[in-house]
1. Kindly list the number of the only condition in (1) touching a residue at least 12 places away in the same chain (Cβ under 8 Å); (2) surrounded by 13 or more Cβ atoms within 10 Å (Cβ to Cβ); (3) among the charged types (D, E, K, R) that fails for residue 114.
2. Would you check which residues across segment 79-90 are touching a strand residue (DSSP E or B) at 6+ places or on another chain (Cβ under 6 Å) and modelled with pLDDT under 95 and list them?
3. Sort out which residues of segment 53-105 are under 15 Å from residue 8 (Cβ atoms) and exposed (fewer than 13 other Cβ atoms within 10 Å of the Cβ), and write them in order of number.
4. Could you list, in sequence order, all residues of segment 22-70 that are assigned to a helix (DSSP H, G or I) and of a type in the set (S, T, N, Q)?
5. Does segment 125-144 hold any residues that are in contact with a Phe, Trp or Tyr (Cβ under 9 Å, 6 or more places away or on another chain), under 24 Å from residue 100 (Cβ atoms) and assigned to a strand (DSSP E or B), and which are they?
6. Considering every residue within segment 97-111, establish whether at least one is within 17 Å of residue 2 (Cβ to Cβ), in contact with a Lys or Arg (Cβ under 7 Å, 6 or more places away or on another chain) and at pLDDT 95 or above.
7. How about segment 87-144: which of its residues are of a type in the set (Ser, Thr, Tyr) and touching a Leu at 6+ places or on another chain (Cβ under 9 Å)?
Amino acid sequence: MIALIQRVTHASLKIDDAEYSAIGQGLVVLLGIEKADTLAIGQKLLGKALRYRVFADGEGRMNRSVADVNGQVMLVSQFTLAGSTDKGLRPSFSSAMPPADAEALYDQLVTWLKAEHPATATGQFGADMKVLLENDGPVTFILR
């Protein structure tokens, strides 16, 4: 499982040109699910994202987590993160979990994340989404 996290001042997600979800200050978490991933792996990774210290403390150092700043989280499934770019000029998605299995796991992770961090918004699995965000910093990290 791969999570690309971005610290944002705000973000919104559109489906079919209509706003589906939005957050203020917090994290956008793009999540790629691979064949060997499990609920336990996802919980560990998302727990790390919630505790990852990417927000400034009083001295301007990255010492505060999204929970510490009462920030919001937007979780968006993104299978392209599971793509391999090692060979050629076209990514291979052979390591990505099949869509039906990935959707079931994603839904379980959404339920878990909302219980852990109620200020959570989501995308819609498999939809063509437009994510609009203002990356604060910019601050972007890949978590595995």
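The values are calculated or read from the model by the stated rules, or taken from the named source; none is laboratory data. Keep in mind it's a predicted model, so treat the numbers as computed, not measured. Reconstructed Cβ throughout: ideal geometry from the backbone, glycine too, with neighbour counts over all protein chains shown.
1. In the conditions (1) touching a residue at least 12 places away in the same chain (Cβ under 8 Å); (2) surrounded by 13 or more Cβ atoms within 10 Å (Cβ to Cβ); (3) among the charged types (D, E, K, R), residue 114 misses (1) alone.
2. 79, 82, 84
3. Passing the criteria: only 70.
4. The one that is assigned to a helix (DSSP H, G or I) and of a type in the set (S, T, N, Q): 43.
5. Of everything in segment 125-144, just one residue is in contact with a Phe, Trp or Tyr (Cβ under 9 Å, 6 or more places away or on another chain), under 24 Å from residue 100 (Cβ atoms) and assigned to a strand (DSSP E or B), namely 129.
6. yes
7. Selection gives 106, 120, 122, 140.
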